[in-house]
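Q: There's a structure below that I have some questions on.
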Amino acid sequence: MKTISKRRATLKSGIAAAALMVWPTVSQAQTQPSDKSVGQTAAAAKDDSDIVVTAQRREETLRTVPAAVQAITGETLERTGTNQFTKLVDSIPGASTVVSNAPGFETIQIRGVSSGAVGDTLVGYYVDDVVFSVPNLQLTPPARLFDLERAEVLRGPQGTLYGAGAAGGLVRLITAKPNVTNTEAKARGEVSFTEGGGTNYNFDAALNVPLVEDRVALRVTGGYEKLSGYADSASNPADRDVNDLESYSIRGRLLFKAADNFDITLSGWRIYNRLNSNNNLQSVNPPLAHLSLGTNPFVRTEANIYSGLIDWDVGFAAVQSATSFIDHTLAYDSIAGLGGGLSVRVDDANFGTKSFTQELRLVSQGSDPFQWVVGGIYNDSTITSDFNVLVVPQAVPTFLIPFARTVDTPLSTRSFAFYGEVSYELFDGKLKPLFGLRYYRDDRSATDRTAISTLPIVTTSIAEVFDAVSPRFNLAFKPNDYGIIYANIARGFRSGTLQTATQVFLAGQAGVATTPSISPDSLWTYELGAKWKLGDTGVSVDVAGYYTDWSNVQVPFATGSLPATVNGADAEIYGIDLGINWRVAKGLTLQAAGNINSSTFSRVLPSLSARLATAQVGTQLPGVPKGNFIVSADYSTQLSNDVSLNLFGSYSYRDRQSDLGSGQFSANLDQLALRAGLGYKSWKLEVFGDNLTNERGPAVATVNSFQLVYPRRIGLQLSAKY
């Protein structure tokens, strides 16, 4: 509590004034244009708590969900310029980016559950009803956020309904569904200019066509972006803006309404991102990329996501099936400073993942006070790794010292789970207890083809079985139609993993004893929350306090440049999410959001403490700021029958956070964004500015390397909707 008290003073006056904190963007749909006209404001504003979500596997309005759930409509994402995953993270209380190398090569944390970037993810991701995960890497979906129905963020462990990897929370991206009755089209084009960089371009479009009226429809969405770099080469200052980004994506969804109660949706999504150079820079101001050292650094992420969804209404229940296949690639060459006049060079790193998932569930329907969900899921994933690691003296950049090489090293996981939740409404729905349970089993195997220095490659294999039982207890009290009070106790877990004999050997050389098999880590979170509307004042309040006991934490650490992992710590996390949303008048909404927390190690392996400055009892967990907040204002009005005015502004703050490996601290981050638009009928022209404070950070600081905030960007956007 002492840490939390100090944090209140640090987070400026915004955090101290708890009455000003609120969930961001959950309600901006109330001032959005109608589906048919960009230039016209909706005649009847819709309250934020009326947004329909499926966070608990059934359709519910946001106000009735007894959990910390945030919903952001697709129109809001587009209206506020939230087109990248990290921008979405900035709007989530208690969340932050731990590592940001490139789009899709990012790691985030929610509510303090963070332990580096290696190991299975601690935040779960779903695209529609498809699980997105990469074994042994904590990667986000590399998606552009355009033509979504909404994004849902669930804070706290989601081990019962969503399983392994959702220990800190879950992010769901729900794409726009094909419309079988109307033809729809929308597009936007943008040009902008980067401070210290060059010109940026992007274009996105979506087209919906009914193929058979009321039965079959196709929706196609695509986009392209060219984003200027802003860092110059340290070895050749004439080589300017070397870290530019090129991205494109195309998505198709085909909906068959085979009957009034039977839908089949087939989807395919191709995503490509390439960042030239990388985001690990040598200096902050001026931003300089590391010496080339004989290679041209780049980061490339690709994903092909295919799925088939079935929704069958059988009366008493909905039968839902989700089948998916994901082909994912992360490839890079990189340079980073090691200190002491040395750099590390990674050549031709390639991590290829193929993942098949089948999930089937039944969800009860109707107004019966007894409700239930039962389901099962199977996953078969393999990630194959290839890379060379070289140590380079900066004084003699042509002298390459072989450090480690990995060739065709696969890690496979075959897992299944069974889960269920039941609830019963008592006293005319005023009291609703819920109980959930999930059993999970993971059969994991790996083949090690790694060599140290110039030694020959030796092939070894290992296999292990991990399992877990995760319960959830929830009690919701609804005294009236204005609010809900809830208590939630849930267990979250992350599957164990395997590492190579080379990693174990190098860890021993670094003084940390570990094993090829890394046990699962798990946590219990105890939460008390409330959602309340203050009568007809237009004010709604969300508050949640939580305590998390995290045991057997998987902690990665560097052994020169090759990471190893050990079950080396326990942690305790206390936090408060608090907010207010105020609809001041017709068309005007003020909102803010904030989190304060104390997330510290309660036990650390002595050898790990000697290795990592950040792994000390009582220190804040790496990658976790002690607080963050965002405040925003949204205003829309009709200037005439055909002309509308839209204004939006936001200011966000994130406290500094440490890096796990180096112990270095990032900067405190302050960012300001403004957008102003005029709409005429179906057209809208906007001027916008992102990061108007030109905050550089760094957002992440490691040994002699920095990941910066993208500089100030000012531009114009033209959009249309039919």
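The values are calculated or read from the model by the stated rules, or taken from the named source; none is laboratory data. Computed from a predicted structure; not experimentally measured. No Cβ is skipped: glycine too gets one built from the backbone with ideal geometry, and neighbour counts run over all protein chains shown. Heavy atoms of the whole protein, side chains included, go into the accessibility calculation; ligands, DNA and RNA do not. Shrake-Rupley method; radii C 1.70, N 1.55, O 1.52, S 1.80 Å.
Q: Going by the structure shown, is VAL346 in a strand (DSSP E or B), more than 18 Å from ARG57 (Cβ to Cβ) and among the β-branched types (Val, Ile, Thr)?
A: Criteria met by VAL346.
Q: Show me the strands (runs of 3 or more DSSP E) entirely contained within segment 122-238 in which 3 or more residues are aliphatic (A, V, I, L, M).
A: Here the list reads 148-155, 169-175, 184-194, 199-212, 216-227.
Q: Given the condition under 30 Å from PRO297 (Cβ atoms) and either among the polar types (S, T, N, Q) or surrounded by 20 or more Cβ atoms within 10 Å (Cβ to Cβ) (or both), answer yes or no: does some residue in segment 419-428 qualify?
A: no
Q: Does segment 82-106 hold any residues that are in contact (Cβ under 8 Å) with a residue 60 or more places away in the chain and under 26 Å from LEU578 (Cβ atoms), and which are they?
A: THR82, PHE85, LEU88, ASP90, SER91, ILE92, PRO93, GLY94, ALA95, SER96, THR97, VAL98
Q: Can you find a residue in segment 674-681 that is crowded, with 17+ Cβ neighbours inside 10 Å, in contact with a strand residue (DSSP E or B) (Cβ under 7 Å, 6 or more places away or on another chain) and under 29 Å from GLY112 (Cβ atoms)?
A: Among the residues of segment 674-681, not one is crowded, with 17+ Cβ neighbours inside 10 Å, in contact with a strand residue (DSSP E or B) (Cβ under 7 Å, 6 or more places away or on another chain) and under 29 Å from GLY112 (Cβ atoms), which makes the answer no.
Q: Can you name the number of the only condition in (1) surrounded by fewer than 23 Cβ atoms within 10 Å (Cβ to Cβ); (2) hydrophobic (A, V, I, L, M, F, W, C); (3) more than 24 Å from LEU281 (Cβ to Cβ) that LEU137 fails?
A: The one condition LEU137 does not meet is (3).
Residues are listed down the side, and each one gets a yes or a no for (1) open to solvent by 40 Å² or more (accessible area, probe 1.4 Å); (2) in contact (Cβ under 8 Å) with a residue 60 or more places away in the chain; (3) more than 23 Å from VAL465 (Cβ to Cβ):
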| site | (1), (2), (3) |
| --- | --- |
| GLY508 | yes, no, yes |
| GLY511 | yes, yes, yes |
| THR514 | no, no, no |
| SER522 | no, yes, no |
| GLY529 | no, yes, yes |
| LEU534 | yes, no, yes |
| VAL539 | no, no, yes |
| ASP542 | no, yes, yes |
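Q: Consider segment 602-649. How many of its residues are in contact (Cβ under 8 Å) with a residue 60 or more places away in the chain, part of a strand (DSSP E or B) and either within 22 Å of VAL118 (Cα to Cα) or small (Gly, Ala, Ser) (or both)?
A: Count: 5.
Q: Where residues in segment 447-458 are among the polar types (S, T, N, Q) and in a strand (DSSP E or B), which of them is surrounded by the fewest Cβ atoms within 10 Å (Cβ to Cβ)?
A: THR447
Q: Among PHE466, PHE477, which is the only one that is under 20 Å from GLY168 (Cα atoms) and either out of contact with any strand residue (DSSP E or B) (no Cβ under 6 Å at 6 or more places or on another chain) or without any contact (Cβ under 8 Å) to a residue 60 or more places away in the chain (or both)?
A: Residue meeting the stated conditions: PHE466.
Q: With open to solvent by 70 Å² or more (accessible area, probe 1.4 Å), at pLDDT 85 or above, assigned to a strand (DSSP E or B) and of a type in the set (Lys, Arg) as the only criterion, which of ARG438, ARG444, ARG414 stands out?
A: ARG414
Q: Please work out which residue is farthest from ILE335 (Cα to Cα), limiting yourself to segment 703-720 and to residues that are open to solvent by 10 Å² or more (accessible area, probe 1.4 Å) and in a loop (DSSP other than H, G, I, E, B).
A: ARG712
Q: Only one of ASP128, ASP90 is surrounded by fewer than 23 Cβ atoms within 10 Å (Cβ to Cβ), within 11 Å of the chain's Cα centre (by Cα) and modelled with pLDDT under 95. Can you tell me which?
A: The match here is ASP90.
Q: Examine segment 160-179 for a residue that is surrounded by 15 or more Cβ atoms within 10 Å (Cβ to Cβ), of a type outside the set (A, V, I, L, M, F, W, C) and over 24 Å from the mean Cα position of the chain (by Cα), and state whether such a residue exists.
A: yes
Q: For segment 443-479, give me the residue count where each residue is closer than 28 Å to TYR547 by Cβ and not β-branched (Val, Ile, Thr).
A: Result for segment 443-479: 13.
Q: Assess whether THR502 counts as being in contact with an Asp or Glu (Cβ under 9 Å, 6 or more places away or on another chain) and more than 28 Å from GLY156 (Cα to Cα).
A: Yes; evaluated as a whole, the condition is true for this residue.
Q: Take the residues in segment 488-504 that are open to solvent by 40 Å² or more (accessible area, probe 1.4 Å) and at pLDDT 90 or above, then tell me which one is farthest from the chain's Cα centre (by Cα).
A: ILE489
Q: Please go through segment 678-722 and give me each residue that is more than 22 Å from GLN657 (Cα to Cα) and of a type in the set (Val, Ile, Thr), ordered by number.
A: Hits for segment 678-722 are VAL687, ILE714.
Q: Okay, next question. I'm trying to understand the selection: among the residues of segment 464-487, which are crowded, with 18+ Cβ neighbours inside 10 Å and aromatic (Phe, Trp, Tyr)?
A: PHE466, TYR486
Q: Tell me which residues, restricted to segment 196-220, are open to solvent by 80 Å² or more (accessible area, probe 1.4 Å) and touching a residue at least 40 places away in the same chain (Cβ under 8 Å).
A: Within segment 196-220, ARG215 is the sole residue that qualifies.
Q: While we're on this one: Return the pair list, or none, for Cβ contacts closer than 8 Å from residues in segment 650-666 that are over 28 Å from ARG611 (Cα atoms) and part of a strand (DSSP E or B) to residues that are small (Gly, Ala, Ser) and open to solvent by 30 Å² or more (accessible area, probe 1.4 Å), at least 6 apart or on different chains.
A: Cβ pairs passing all conditions: SER650/ALA633.
Q: Which is under 25 Å from ILE377 (Cα atoms) and among the small types (Gly, Ala, Ser), of ALA151, ALA117?
A: Within the list ALA151, ALA117, the selection yields ALA151.
Q: Of the residues VAL687, VAL631, VAL617, VAL700, which single one is among the aliphatic types (A, V, I, L, M) and buried (at least 20 other Cβ atoms within 10 Å of the Cβ)?
A: VAL700
Q: So PHE601 clears everything in (1) open to solvent by less than 40 Å² (accessible area, probe 1.4 Å); (2) farther than 24 Å from ALA510 by Cα; (3) of a type in the set (Phe, Trp, Tyr) except one condition, right? Which one?
A: If we test PHE601 against (1) open to solvent by less than 40 Å² (accessible area, probe 1.4 Å); (2) farther than 24 Å from ALA510 by Cα; (3) of a type in the set (Phe, Trp, Tyr), just (2) comes out false.
Q: Which residue pairs have Cβ atoms closer than 6 Å, lie 6 or more positions apart in sequence or on different chains, and pair a first residue in segment 343-364 that is under 12 Å from ASP386 (Cα atoms) and touching a residue at least 60 places away in the same chain (Cβ under 8 Å) with a second residue that is open to solvent by 20 Å² or more (accessible area, probe 1.4 Å) and hydrophobic (A, V, I, L, M, F, W, C)?
A: Once the first residue is under 12 Å from ASP386 (Cα atoms) and touching a residue at least 60 places away in the same chain (Cβ under 8 Å) and sits in segment 343-364, its partners that are open to solvent by 20 Å² or more (accessible area, probe 1.4 Å) and hydrophobic (A, V, I, L, M, F, W, C) give VAL346/PHE387.
Q: Which condition does PRO237 not pass, out of (1) open to solvent by 70 Å² or more (accessible area, probe 1.4 Å); (2) under 30 Å from SER343 (Cα atoms); (3) under 25 Å from the mean Cα position of the chain (by Cα), if it passes all the others?
A: All conditions pass for PRO237, except number (3).
Q: Among the residues of segment 361-415, count how many are within 25 Å of the chain's Cα centre (by Cα) and of a type in the set (Asp, Glu).
A: 1
Q: State all residues of segment 188-220 that are under 30 Å from PRO286 (Cβ atoms) and of a type in the set (A, V, I, L, M, F, W, C); if no residue qualifies, say none.
A: VAL191, PHE193 - these are the residues of segment 188-220 that are under 30 Å from PRO286 (Cβ atoms) and of a type in the set (A, V, I, L, M, F, W, C).
Q: Mind telling me which of the residues SER385, SER461 ends up being surrounded by fewer than 16 Cβ atoms within 10 Å (Cβ to Cβ), assigned to a strand (DSSP E or B) and at pLDDT below 95?
A: Only one candidate qualifies: SER461.
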